1. Among the residues of the stretch 328-365, write down those that are hydroxyl-bearing (Ser, Thr, Tyr) and either surrounded by 21 or more Cβ atoms within 10 Å (Cβ to Cβ) or more than 17 Å from residue 245 (Cβ to Cβ) (or both).
2. Yes or no: residue 324 modelled with pLDDT under 95 and either hydroxyl-bearing (Ser, Thr, Tyr) or closer than 18 Å to residue 382 by Cα (or both)?
3. Can you tell me how many residues within the stretch 314-328 are in a loop (DSSP other than H, G, I, E, B) and either of a type in the set (S, T, N, Q) or within 15 Å of the ligand (Cβ to nearest atom) (or both)?
4. Hey, could you check the stretch 258-302 for residues that are small (Gly, Ala, Ser) and either assigned to a helix (DSSP H, G or I) or in contact (Cβ under 8 Å) with a residue 60 or more places away in the chain (or both) and say which is surrounded by the most Cβ atoms within 10 Å (Cβ to Cβ)?
5. Name the residues in the stretch 411-428 that are touching a residue at least 24 places away in the same chain (Cβ under 8 Å) and within 16 Å of residue 280 (Cβ to Cβ), would you?
6. Of all residues being closer than 20 Å to residue 409 by Cα and in a loop (DSSP other than H, G, I, E, B) in the stretch 365-388, which is farthest from the ligand (Cβ to nearest atom)? Just the residue, please.
7. Mind checking which residues of the stretch 242-256 are within 15 Å of the ligand (Cβ to nearest atom) and touching a residue at least 24 places away in the same chain (Cβ under 8 Å)?
8. In the stretch 297-308, which residues are under 16 Å from residue 332 (Cα atoms), within 16 Å of the ligand (Cβ to nearest atom) and within 16 Å of the chain's Cα centre (by Cα)?
Amino acid sequence: MKYYTKRIDSTDCHIFEFMPDLDTILACTGESTLQKLENINHDWHEKTKKQIAGINASYFWGNNPVGGVYVDSGYLRNNFSNDKKWSTLIYDGGVLSIDDTSDIAKLKLKYPRASFMLQLGGKLVVDGKISLNSVKFDHSDYRNPRTAIGQKLDGTIVFFATDGRTDRGFTIAELAKVMLELGCATAINCDGGGSSTMTINKKMVNTNENRKVINGFFCYSAKEVEEVKKKSDEVIKKPSKKKLLLLDDGHGTDTSGKRTPKLPNNTIIKENEFNRRVVDLIEDTALKSGLFEVIQVAPELNDVPLETRTNRANKAYDDWVKSGNKGSDVVYISVHFNALNGVFDGKSGGVESLVYELRGDTLRLGQAIHNEVLKGTRQISRGVKARSDLWVLRRTKMLACLVEYGFMDKLEEARLMLNKEFQEECARETLTGICKFFDIKFENLIEDNWKAAIRARSDSADAWIKKIERLSQDQEWKYLPLLIEKLYAK
Ligand SMILES: [Zn+2]
């Protein structure tokens, strides 16, 4: 049994492998409350064995798993669903199987001694071949932190989890390839994103949020784990045909001062409410176009220091170049809303695009974006300006542009901050500018992808869940009504 990490496609992957036998067993456990993975115990097994390793398992909503959960020979924790995005993972007699049946009665007949049966989203490998569900989760095509469980032909069980948002992560299709390359003949995706967690000896080993989860897979054994600390070479090292877009949302939601003066209706708007939405929209559209890899350097709601933002960007840039890509294919975009003196006195207003210096590609990028951003709006242009003093322009290794889309202390512009058409326009024009800079001609495609992205945002329950999780994580429940209103406003 061993635990090791491996860098695969610019992502740190944590892998734990063990051979189940009489002394070493695989268990699935979790109760009706969310807990950190390291705190989930299996009392019965712990009488005779030690918990060696664990990974998170089911998707969940509130205090309930999403998808069927049947554990410990007879306990139905949650009902099974017919939704085609689920497959059932069965553990019976030391063998992991994946079955598309969702009828629990049939499953019980087929696997009479199953110690657990669990519906998970995103089948990966079946019978040694990549096999994905016909219906996808909304986030299947996005690069996310991921957790997976699999089994090799010799019976070895594989636990897999990636680091959190500082790494590129995997789409479901990429994850399937990784599990196959690790030797799995059977593999299925578990809950990912902020939930991705692996523990060894009850301590979290991957870097992520350490979010509370509903249940997990655990290895219990009397044996000791051998830790392989050194990172082995990348198994998948291939240059990308895409460009890399690094997105920065400027500030945390509650960063002091970053808000409008009190509007006539007695509300204030925080700068990050605009920034975050625009960054999310740029990300969705860029990913859907298939022409960009995207990394948000500060997906958290709280205030991420500028140094962390640029360190994350520079690490992504180094990984990109190490994988054989061109550094000139990377751009960093920082989304902001300006302020002059914090009062609505009519002295401020307009769009400005800031770059490190007014020459070469740096200037060209700034102009390309600025010219597009000016197109739909009636705001005045304050021009493309050199600001070599700004941290995110000075400390980033790649081409960078910081756009101030308007002024929080100009009333007409402050009112635009939560206007969805304006947000969509800012995002669309920024991406169009970047495409013009790279000389990628796909404007019609942008429109199509754009509409698809907007539709996905307004309809998708997962987008909802993502947003609400983000808020609840930071105890920002007071914004929930506003958020719901914004989502419903589509
Ligand atoms: Zn700002």
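1. Narrowing the stretch 328-365 to residues hydroxyl-bearing (Ser, Thr, Tyr): 328, 332, 334, 348, 353, 356, 362.
Residues satisfying the conditions are 332, 334, 348, 353, 356.
2. So residue 324 fails the test.
3. The total comes to 2.
4. 286
5. Correct list: 417, 418, 420, 422, 423, 424, 425, 426, 427, 428.
6. Filtering the stretch 365-388 down to residues closer than 20 Å to residue 409 by Cα leaves 373-374, 377-383.
Now narrow it down to the ones that are in a loop (DSSP other than H, G, I, E, B): 377-380.
Working: 377: 18, 378: 22, 379: 16, 380: 19 Å.
Going through the qualifying residues, I end up with 378.
7. Of the residues in the stretch 242-256, the ones within 15 Å of the ligand (Cβ to nearest atom) are 247-256.
Listed by number, the residues that qualify are 247, 248, 249, 250, 251, 252, 253, 254, 255.
8. Correct list: 297, 298.
The values are calculated or read from the model by the stated rules, or taken from the named source; none is laboratory data. Not measured: the values here are computed from a predicted model. Please note: Cβ atoms are built from the backbone with ideal geometry, for glycine as well, and neighbour counts cover all protein chains shown.
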